[in-house]
Structures are given as C-alpha cells and as structure tokens.
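Structure, as structure tokens:
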There are 4 protein chains.
Amino acid sequence: MSDDEKLVGEFPFLPKQERAQAKRNALIESGYALFHKKGYEQTTAKEIAAHAGVATGTFYRYFSDKRQLLMSLLEDKIETFLPPEISWLSSNPVDALASSLEIHYNRIHEFGLRHVLPELLSKDSELAAVLDNARKRIHARIFNGLKKAGEKGLTWDDLDLDTLSWAIMMIVENGLDKTSQSEKPSAYQDIAKLICRMVFPPRVLVQLSKNDAEAE
Amino acid sequence: MSDDEKLVGEFPFLPKQERAQAKRNALIESGYALFHKKGYEQTTAKEIAAHAGVATGTFYRYFSDKRQLLMSLLEDKIETFLPPEISWLSSNPVDALASSLEIHYNRIHEFGLRHVLPELLSKDSELAAVLDNARKRIHARIFNGLKKAGEKGLTWDDLDLDTLSWAIMMIVENGLDKTSQSEKPSAYQDIAKLICRMVFPPRVLVQLSKNDAEAE
Amino acid sequence: MSDDEKLVGEFPFLPKQERAQAKRNALIESGYALFHKKGYEQTTAKEIAAHAGVATGTFYRYFSDKRQLLMSLLEDKIETFLPPEISWLSSNPVDALASSLEIHYNRIHEFGLRHVLPELLSKDSELAAVLDNARKRIHARIFNGLKKAGEKGLTWDDLDLDTLSWAIMMIVENGLDKTSQSEKPSAYQDIAKLICRMVFPPRVLVQLSKNDAEAE
Amino acid sequence: MSDDEKLVGEFPFLPKQERAQAKRNALIESGYALFHKKGYEQTTAKEIAAHAGVATGTFYRYFSDKRQLLMSLLEDKIETFLPPEISWLSSNPVDALASSLEIHYNRIHEFGLRHVLPELLSKDSELAAVLDNARKRIHARIFNGLKKAGEKGLTWDDLDLDTLSWAIMMIVENGLDKTSQSEKPSAYQDIAKLICRMVFPPRVLVQLSKNDAEAE
DNA sequence: TATGAATGAGGGTTCATTCAT
DNA sequence: GATGAATGAACCCTCATTCAT
C-alpha cells in the first residue's frame, strides 16, 4: 500500500515536494501524538523528530521551533473544534441536538489537545489569537443558528443571543469526560433537553414535536 | 542584624514550629504569585525561594519539589473553586443566582491558576485527583441544592439532576473573560436567567416572582 | 530562464572546465566577501554556496571544506599583502615612500581579511605556512631594496638589514586605522620620514634632496 | 602544600568569598590556557569548566558566557600589554630601550592571546573598546615619554609625536616571533638602535654616550 | 536548621558534511 | 555533475536538586 512501491524495478520516490510535505506531516502528527500523550512542555523537539523517524536537525528544517509546530498543528486541526451546524428548526430539536452533541463530543475527545493549551495562552499571545479566533467561529456559528430560529419566532422572546451562545459553547466545549464516571447512555439526550429549554419556550417544543407526530 | 539576634538570651518571637509554618506559607504564597504571573513550568524553585526570602535549599526542606508545592497550594486555595451555596428557593431565583454568579466569577478570576493546571493533569494523576475531588464537591453542592428544590416540586419533573448539575458547573466554572469583548452589565442576569430556565418550568418562575411581589 | 537554456540545441557558452572554474571562482569570491563581512567562524558553508548561487553540496565538489577554501582564497589574494617595490634610490625617498605607503595601506585595507586570520594560525600550521611564506616574500622584497641602497653607500653603515626590514614591515603591515582618530593628511609623509631616518643618515637625505633641487 | 590541609583535624575551607574567588580565578586561568592553546572559538565553556575542575553549570555562575570570561580575562591581564616606562633620557638610550624591549617582548609572548583577539573585534564592539583602551594607554605612555625628551630639546625638532608613538607601538607590539627563524642575540639592540634613530638626531646620541663615557 | 554554591543531565538549536535523486 | 534535504554530533545554557558549611 506504500506509495513507494509501484510496478517493477522500484520507483522509490514521490516528487520532492510531496516527500517534504509527507515529512512535515509526519512531524506534525508526531507532535500531536506526543503533546497529547505527555503534554507540550514535556515533549522535546528531539522526541518529536525521533517519533517521526527523522533526525533532530530535520525538525528545524520544517519548523522554527516547537511552538511553531504547535501553531501549525492547531491550524491543521482546529476545525475539530467547530461543532457541526445545529438544526434548531428540525422537527425534533432535542434529538437533532443530541446527535450533534454526540458527534462533536467524540471529535473533541479524539482531539486531545485542549488540556495542553491553557498554560501556553498566558505567555503566547499569537497562540492565544489562533485559539480565540477558533472560539469566535464556534460562537458565531451557534449565534447564527439561534438567530435564524429567533427570526421564526421560535425562541424565548427575551433572549440575549450572545450570552446564550456562550453558555451553549461552554457546555459543548467541555467534554463529558469530566464526570465520566456516570457515562449513562442518555447523557446526550439529557444535555440536549437542557439546552433546548434555554432556547425554546415549552409550547414551541410541544408544537414542534406535534408537527413531528403529524408528519409521521 | 538578623531578626533572630537581639541582645543576649533573646526570645524568638515565634516558637520554632510557627516560624517554620510562616516560612512554609511564604513559600506557598510566593509559588502562587509566581505560578499565577508566569505559569508553572516557567517558574523555578530558586525564584520561589528568592521571592519568599529564603535560600534555595530551604525550599526543599518544606517541599519535596515544585510539584508538591503546587499540591499544597491547591489544597490551601481550592475552596475558591467552590461556588457559594445557591438558594434556588429564594423568592427571586434569577436575581439570587445572578449575584451568586458574580461573586463566584470574581473569586475564580482572582484565583488565577486555572490556566496553569490543565497541562499538568495529564501527567500527574495525583494532582488530577486533587482537582477532580474539588470538582466533585462543586458538583455535589449544586446537585444537592437542586435536589432540595426538586423535592419541593419546583423544578421540571423530568430532570436528570446529574447532567443538570454538570451543565451548570460548566457554565459556572468558565469565567466570563472568554467573550469579554462584550462585558455587558447584564451578563450575570442573562446567565442566571438561562440557568433558571434549565431548572424551573416557566410557571414556577412566574409563581415565585408573584410571591415576591406579594411579599413586598 | 537559465543561461543554459536558449533555443534548441544550445551550445553551452563555456566548455565544461571553464564553467567549473567560474563556479569555483564564484565560491572563492563569496567566501572572501563573507569572511570579510562576518568573520571566518561565523560564516557557514551553506551561506557561501548560497551567496555564490550554487547548492550546498556543490561547495564540497570544489573544496574539501571551509578551511580549504580559505587556503585557496589566500593563495589567490595574497599578492595584496606584498607592498609595492620601494624605490629608495629615488631623488626624494621620503615622498616616494609616502606614496608607496599610501597605495599599500589602501590595498591592505581593501583586503579585509587580516583580522580573520590570526586565530586560525594557532591551530592550522598549513595555513600558518601559507601566511608565513607571504610574509617572507614581503620581508625579502624590503630587504633587497635596502640592500641595493646599502651597496650604493647610502644607508647607515651599521645597519642590520634583517631587523630593519622587519621593523619596516611591522609599520607597513599594520594599517593606519588603529589610531584613525587623528587621520591627518600628513600621516603618510610623517611615517615615511620616520622610516627614512631609520634607513638613511641625515646627510644622505640632505644630499638626495639637493640633487633633486638641482635636477629641477 | 594545599590550602586545605593544616594542622590536625582538617579545616578544609577558605571563607566563602575566598573560595568563590579562587574558583573564579581557576576558571579565568583555564580560559586563558585554553584560548591560548586552541583559540577562542575552538574552546567551549564545558572544556573551560572541566579544565578548572568544576561542573559546567558552575561556569555560568561566575560568567554569563564565554565572551564575558574573555573580557574579565583581558581586564586581568591587560597590564601585560603596557610596555615598561621607557627612559629616553638615560645616558645610553639604546641600551635602556633594548632592555625594555626585551622585557616587554617576553611579557607579550608569555601572554599569548594576541592572536586570539582580532577576529572577535569586528563583531564585538565592547571587546574592541577594551582593547582599544589598552592601546590608547600604550600610545599615551610612549607619547608622554617622547614629549619629555622633546622638551629637553633632545629629539628631532620636526617630529610628529603622534605618528612616532604609533610607529614605535607597532614595532613594540608585534613580537619578534614573526621572523623568529633568525633570533639573533643582538635583535633587541638592533631594534633599539632603529627606534633611537627615529627619535634622536645623531648628534644627540653621540652627546648622550659621551656623557655616559665621562660619567664612568 | 538554613544556606547558596555546585552539580550535571538534558533541552533547544546549529551546521559541516553526506548522499539519494 | 548538481542538488538540497537529511543527518547527528556538539554547542550553549538552564535549573531541579544536593550537600558541605
């Protein structure tokens, strides 16, 4: 399956750029894996290089230092932070939300770098900017979804959308693993229900599910 | 010239134990201040000792290492994490909650170690345990408050209290500073309202404020 | 766009050897320029190659290492060290010497490698030999000039020509820039006068300038 | 002979400050020895520490880096650069100068750092300043000696003292080792004679030695 | 006990040199 | 030949920890 072996007689190479790209990616993946496993400060450039199967010096061909690798890593992976679009207008918002949450929590969990970042933020404003930007995008995405729902007259009419988006983000952003001792199957349903109660007045929820029932 | 040498046969002001205790405290406070300002990894034992006005070696008489100082520090300060008791039963739960939130956010903000901790957790399970324990206490406190309210029939009747407590904790634990660009005066009110909507059905909120009005 | 590719069936302008020679020269010139600007130790092979417009590896086709390039460089440029022939017999030796000095100081100054070499000498006897050889040639040139003047009976009759040549070399070799704060226009004249006093007894100087006056 | 062993029962220490000073000195001496032997760039901080019998880190307690050790070293040793006071007024200036030269050349030779410095000067202006200052002191010392002789009417009356001092400095500063192949016993005498010819008109030299003869 | 000088392993980074393409 | 990515030994420097005083 290796890209290096095709036909007879070996053509053992990718064009230069691709090979370099591959190496760069290997370093990013190694950085990711090791930051994830051991934390950022505890991981050395040497280790990352070794894990990627290249020499120490090669690390510095692709990245000016460890920090810059982290930045690249984040830019590559930051999409993971974005929650999926939430369809508030669906006939059954609780279920829809629950399934969105499940997908998102899994992605977040898979992207295990959240706990690596906080200490760095205070001393690295560029990094902070990258993350802050990601956060703003999440917030905006939630905000816009809610706004559409609001325009249809579905939400509470005295909502502060900014605060609400933020609160949802807080819930969405923090994995379930914190209290994972319980890990009950209905967790996503329960969270979805809570969030819906912040968003919709009860009558809307009833109405929506009635539509749902009729539609069946 | 030392404080310890005056006249003959001087009495040290504090019994030995107390003086040692004072030194220990000075180290903890210095550690706290420096971790806060520069981050945990960026702070050296020497700096902490210097800041506390003792010699480097003295640090190691009181703490086996930097990590252990952090643990002690947390045990001293962890109370700050605990939100104040929330009086869900108050006649005006939104206002009561808003004011509790404000107090708590301020305390959390003042305790600036939150951003120092996460990376350490992954490699130090003992530390994780300390924090997890704090978290459990917060959760329990919220949980119990809600339970009492539930027993009075005030809350939604299909609540999963565990999940709800957790969601409130997520909102409560994460400072407002994240989206601090807005920083509107009504922020606490808005958050409190959202939380109350997760907890109480509308009619209860109406009822409670009616009581409130009548009481006046 | 390369110079090598124009039309079909292009003739390379230079035979292979010449092109190689050109590359070699480019490397030497680049080495010279960079050693001059940044010092020997501070200049990397990569930089020299880049400055010469060739790949790093190409450097090592032409020179076994950086040191060897320096040697070649010196062999190319060492002529600059040689002071111009000094015409002691001229009717006005002071003026003649002054003008020779001016020319030589300028050449020495333009060849800015003097400050690069000394440290290398102690650890590289081959390099030391190259420079020592250059020095011997300078010494010999001065020595022979003086000898001719001596044979005409013009110099002090108790001169040790070896020592005198050496002393002149010391003065000639070290630029004026050391005490350049003064930088007076008469500097070369003054030095020339001093040197002439080491070489000629006063009466010869008088005699020579008398001839000079008569000749006019 | 060690300072550590006196009497019975060992009193194995110097007061703290002295021990620190001793260590600092050991480092300076080691730096000196190694710079001398291998050159500045070729000597590592680790080596200096090892040679001084201390750990690498100890080096950095006493010096911020290698460069700073060099500066201290120079400040310690720079006196060696200063030639001894030259007594131009002595009855036999050639002999007096010859003996001064011999002393100075030996000192210079013993202080083998001259060849270490030049490359550094171009990139380290602080270091350049230290050396420039030393040079100025040498120049001033020679200058003043000459001035006194001039005031007594002993020297050529059309001397530019600045240039003359500089020329003498060039001769004095550069060891004999350059052309050391010859190394004849009369070398100092010969040089002294040359210098005296730059300074004194012949009649003064004659006069002075006549005085000398009479005094005997 | 308190001190702070000393330790030395280990981190980040550079660069002369090689070698597959 | 020419290329330039890759190598890895070696550099500089830091700092957690020890220990003689």
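Going by the structure shown, is A:Glu102 free of Cβ contacts under 8 Å to residues at least 60 places away in the same chain and either away from DNA strand E (no atom under 12 Å from the Cβ) or closer than 26 Å to A:Arg19 by Cβ (or both)? It is false that A:Glu102 is free of Cβ contacts under 8 Å to residues at least 60 places away in the same chain and either away from DNA strand E (no atom under 12 Å from the Cβ) or closer than 26 Å to A:Arg19 by Cβ (or both).
Scanning the stretch A:157-172 for residues that are within 11 Å of chain B (Cβ to nearest Cβ) and assigned to a loop (DSSP other than H, G, I, E, B), which turns out most open to solvent (accessible area, probe 1.4 Å)? Looking at residues that are within 11 Å of chain B (Cβ to nearest Cβ) and assigned to a loop (DSSP other than H, G, I, E, B), I get A:Asp158.
Filter the stretch C:42-92 for residues that are of a type in the set (Asp, Glu) and either modelled with pLDDT of 85 or more or within 30 Å of C:Gly150 (Cβ to Cβ) (or both); which is farthest from DNA strand E (Cβ to nearest atom)?
Filtering the stretch C:42-92 down to residues of a type in the set (Asp, Glu) leaves C:47, C:65, C:75-76, C:79, C:85.
Then drop every residue that is not either modelled with pLDDT of 85 or more or within 30 Å of C:Gly150 (Cβ to Cβ) (or both), which leaves C:47, C:65, C:79, C:85.
Working: C:Glu47: 7, C:Asp65: 3, C:Glu79: 27, C:Glu85: 39 Å.
Applying the filter and picking the extreme gives C:Glu85.
Only one of the listed residues (B:Leu97, B:Leu73, B:Leu101) is in a helix (DSSP H, G or I) and within 16 Å of DNA strand F (Cβ to nearest atom). That residue is B:Leu73. Can you give me the number of residues within the stretch C:83-100 that are within 12 Å of the chain's Cα centre (by Cα) and surrounded by 15 or more Cβ atoms within 10 Å (Cβ to Cβ)? Qualifying residue count for the region: 1.
Residues that are part of a loop (DSSP other than H, G, I, E, B), modelled with pLDDT of 80 or more and either among the hydrophobic types (A, V, I, L, M, F, W, C) or surrounded by fewer than 17 Cβ atoms within 10 Å (Cβ to Cβ) (or both) do not occur anywhere in the stretch B:1-20. Only a single item in (1) at pLDDT below 90; (2) touching a Gly at 6+ places or on another chain (Cβ under 6 Å); (3) not basic (Lys, Arg) is not met by A:Glu102, and it is number (2). Whether any residue in the stretch A:72-79 is surrounded by 17 or more Cβ atoms within 10 Å (Cβ to Cβ), farther than 30 Å from A:Trp166 by Cβ and more than 14 Å from every other protein chain (Cβ to nearest Cβ) is what I want to check. Looking for residues that are surrounded by 17 or more Cβ atoms within 10 Å (Cβ to Cβ), farther than 30 Å from A:Trp166 by Cβ and more than 14 Å from every other protein chain (Cβ to nearest Cβ), one finds none in the stretch A:72-79, hence no.
Taking the residues in the stretch A:121-156 that are at the interface with chain B (Cβ under 8 Å from one of its Cβ atoms) and at pLDDT below 80 as candidates, determine which candidate is farthest from the chain's Cα centre (by Cα).
To start, the set of residues in the stretch A:121-156 that are at the interface with chain B (Cβ under 8 Å from one of its Cβ atoms) comprises A:121-123, A:135, A:139, A:156.
Now restrict to residues that are at pLDDT below 80: A:121-123.
Numbers: A:Leu121: 18, A:Ser122: 21, A:Lys123: 23 Å.
Restricting to residues being at the interface with chain B (Cβ under 8 Å from one of its Cβ atoms) and at pLDDT below 80, the top hit is A:Lys123.
Being of a type in the set (A, V, I, L, M) and within 30 Å of C:Lys37 (Cα to Cα) narrows it down to one residue among D:Leu154, D:Leu97, D:Leu69; which is it?
D:Leu69
Taking the stretch A:123-136 as the range and being in contact with a helix residue (DSSP H, G or I) (Cβ under 8 Å, 6 or more places away or on another chain), open to solvent by 20 Å² or more (accessible area, probe 1.4 Å) and assigned to a helix (DSSP H, G or I) as the test, the residues that pass are A:Glu126, A:Ala128, A:Val130, A:Arg135.
Any chance you could count how many residues in the stretch B:53-63 are near DNA strand F (Cβ under 7 Å from one of its atoms) and more than 16 Å from B:Gln21 (Cβ to Cβ)? Give the steps one after another, and end with the answer.
At the first step, the residues of the stretch B:53-63 found to be near DNA strand F (Cβ under 7 Å from one of its atoms) are B:56-57, B:59-60.
Those still in the list that are more than 16 Å from B:Gln21 (Cβ to Cβ) too: B:56-57, B:60.
Matching residues across the stretch B:53-63 total 3.
Filtered by the rule that a residue be within 28 Å of A:Lys38 (Cβ to Cβ) and surrounded by fewer than 17 Cβ atoms within 10 Å (Cβ to Cβ), the stretch B:21-35 gives a lone residue, B:Ala33. Taking the criterion of being more than 19 Å from C:Gln207 (Cβ to Cβ) and of a type in the set (D, E, K, R), the only residue of the stretch C:88-102 that qualifies is C:Glu102.
Within the stretch A:36-66, the set of residues being open to solvent by 50 Å² or more (accessible area, probe 1.4 Å), away from chain B (no Cβ under 14 Å) and part of a loop (DSSP other than H, G, I, E, B) comprises A:Gly53, A:Ala55, A:Ser64, A:Asp65.
Against the numbered list (1) touching an Asp or Glu at 6+ places or on another chain (Cβ under 7 Å); (2) buried (at least 18 other Cβ atoms within 10 Å of the Cβ); (3) not in a helix (DSSP H, G or I), A:Leu154 comes up short only at (1).
The values are calculated or read from the model by the stated rules, or taken from the named source; none is laboratory data. Remember, predicted model here, so these are calculated numbers, not experimental data. Here Cβ is always computed from backbone atoms with ideal geometry, including for glycine, and neighbour counts include all displayed protein chains. Just the protein is used for accessible areas: all its heavy atoms, side chains included, with ligands, DNA and RNA removed. Shrake-Rupley method; radii C 1.70, N 1.55, O 1.52, S 1.80 Å.
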